[in-house]
């Protein structure tokens, strides 16, 4: 049963992250996702200090705000202070992450968070934190509920805003011309990324969020030219990695999050070498004279 | 105060180690960071920092010891491999660089975490302390670390000085470097190696995530104060060194405070201060410049209006009401009034009741703007053969910019003309 809950958690995180990641990598904003996933740390700590609990809702709000603030700051440094784009990202997220760690050290006695957990989470503990109703009925792990709701919200967001997201990603000029606000959808997307990060954070940590945001979409991008197919494919690849990663971790007796990230990397390696349309080894074969 | 003196006397060996170590590390990685920043590859340092972890773990698994030298070799190998992988992915597939960086960063780090936890669970007692690579341990630097730091720092600086010209060319004009026969590929590898070196050493002090800041932030801050690369390198090193000392001082006065994050926090504050307030390139300086330009344009437009009205009525020194002015050109009323008041303070217009009159000074300045406008219109029609009805907009902009020298050349070039393309007299 534990294995089931852990794989389910991983798959839920994989679903939200891979869907959003498709948009991020096509907008060349993969590193913004990385930045947000680190920069939400102070938001989580502050929400924790204010409410004194690891209750999910205030944390989601606190970290969601920080995530949007991060995008604002990056935009601000880049557009108004004319800091080079990559430097703006690097300065912003390291700064916020440093603040987060300092806050953890200052309130070490009151904050039940530790630094390792921030980076690679503890998905193995998911099945231990059960949601038990007042009548004593066990409803399954709490995290699974939070993540299910987040996943539903993300899918809803993408289904309802499909046209707008698609247009602002592929042809912002055209989108603006027919009256779609590019910056509104940009910030909506970033809010979605922040929410996903925070919801997944406790269970899988920043590093797996980044891996899911980047690796499955990048793999799918090598396998297809159709955007809808890419969305579906990246979700499938993410889920596959969760299953594979779990058993790899069991075999090596190591971190599940780390193992899942490793499997996403292997998927990418296979795709770049053997993708039917653009694999490096496949193409070479075709070039040989018949 | 007592603490301050105690700290800066450096009598305590521990203080000496921590401070010197932080300073060496921060300033040498800042210098290397300047070059990666200028090559627009700032985030690559982040990827290397994450990719070091699997190397450390592999070195430990293979050798079974925690000999720092062996661990560093492992770190160096995977750090270097990560950069090569990023280059390979971007050049051989349609994946963009940012995606490649994110991918390599998370996958390498994931492998590292998997290995690290696997080692920790294996019950091998020798493993404790490997995780210091994750978050650094600046506060517990010892003499041995310091020797490694100094050697690497001196080595990095030496290489930068020796290859200064080549690296500069690589950053600013790669194509030219290739043309004159520099081994660009080898130089790229050299810069890569320098980056990996800086990261591998620095990571022990500040940890994986914050290492990127040690490379990027001082360089980004220094870039705002100067246009000269040598000055920029020096400034970045100084900013790095200052934050190193300050971070060490904070964690000395409050022992619970982690040194690494404080160094990063301080260097980030310096950077944000620079982004906002540096003269010339800073945000505030640019806002002020924009405002100054806007006021100048508004004032000159108002004087031009008064002058044109004078021309029309053949009388420059009668007063005109505001509505008369705004009839000819629509300027928001509030803006027009504040502009006129500024002009009054400078002595270009006089005010009686609700109307405004040019002074001699004001007439002179207004006439100059009108002259430049008409000269430019003439120049565009004569030399660029634009239609007479297409030149007004352009002249509206350039009339505020032309310098007296340009004005003289225009007059000469156009042979001191009398009339503009619309047959208005050039004053």
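Read the figures in this text as sums done on the coordinates, not as results from a lab. The shown structure was predicted, so the numbers you read here are calculated from the model rather than taken from an experiment. Positions of Cβ are backbone-derived with ideal geometry, glycine not excepted, and every protein chain shown enters the neighbour counts.
Structure data summary
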quantity	calculated
Within 10 Å of each Cβ in B:213-220, the average number of Cβ atoms from other chains	5
Calculated over the range A:181-241: convex hull of Cα atoms, volume per residue (Å³)	91 Å³
Shielding of A:212-218 by partner chains, average beta-carbon count, 10 Å	5
Per-residue Cβ neighbour rank within 10 angstrom, fewest leading, B:80, A:251, A:95	A:251, B:80, A:95
Averaged over B:276-287, number of beta-carbon atoms from partner chains that fall within 10 Å	2
Folded to 0 to 90 degrees: helix B:44-63 orientation relative to chain B principal axis, Cα	0 degrees
Rg [Å, one decimal], Dmax [Å, integer] - the range B:1-80, C-alpha atoms	17.3, 50
Cα-derived Rg over Rh, computed across the range A:232-283 with Rh taken as Kirkwood radius	1.08
Rounded tilt (10° steps) of B:13-38 against the dominant C-alpha axis of chain B	50 degrees
Neighbour-count order for A:27, B:374, B:328, fewest beta carbons within 10 angstrom listed first	B:328, A:27, B:374
Convex hull (Cα only) mean projected area of the range B:232-286, reported in nm² to one decimal	4.0 nm²
Percentage relative contact order, the range B:2-281, counting C-alpha pairs under 8 Å, at least six apart	33 percent
Rule-of-thumb Rg ratio for the protein assembly as shown [Cα; 2.2 N^0.38 Å; N residues]	1.16
Sequence of B:307, B:317 once ranked by neighbouring C-beta atoms within 10 Å, starting from the fewest	B:317, B:307
Residue-averaged [θ]222 nm for chain B, counting only DSSP H segments that reach four residues, each worth -39500 (n - 2.57)	-25000 deg cm²/dmol
The range B:282-427: Cα Rg divided by the 2.2 N^0.38 Å rule of thumb	1.09
Whole-Å distance, taken between Cα centres, linking the range B:241-290 and the range B:214-231	13 Å
Kirkwood hydrodynamic radius (C-alpha pairs) into Stokes-Einstein, the range A:16-69, 10 °C and 1.306 mPa s, D in µm²/s	134 µm²/s
Principal semi-axes in Å for the range A:56-105 [√(5λ), Cα gyration tensor, largest first]	23, 14, 6
Kirkwood-based shape ratio for the range A:166-286, expressed as Rg/Rh from alpha carbons	1.06
Projected area averaged over orientations for chain B, convex hull of C-alpha atoms, nm²	31.6 nm²
Radius of gyration and Dmax over the Cα atoms of the range B:337-394, both given in Å	15.8, 47
Using alpha-carbon coordinates, inclination of helix B:68-92 to the longest axis of chain B, degrees	40 degrees
Stretch gain in nm, segment residue B:354-residue B:87, where the contour uses 0.36 nm per residue and the Cα spacing is subtracted	89.1 nm
The range A:16-96, relative contact order in percent, only Cα pairs under 8 angstrom and at least six apart counted	34 percent
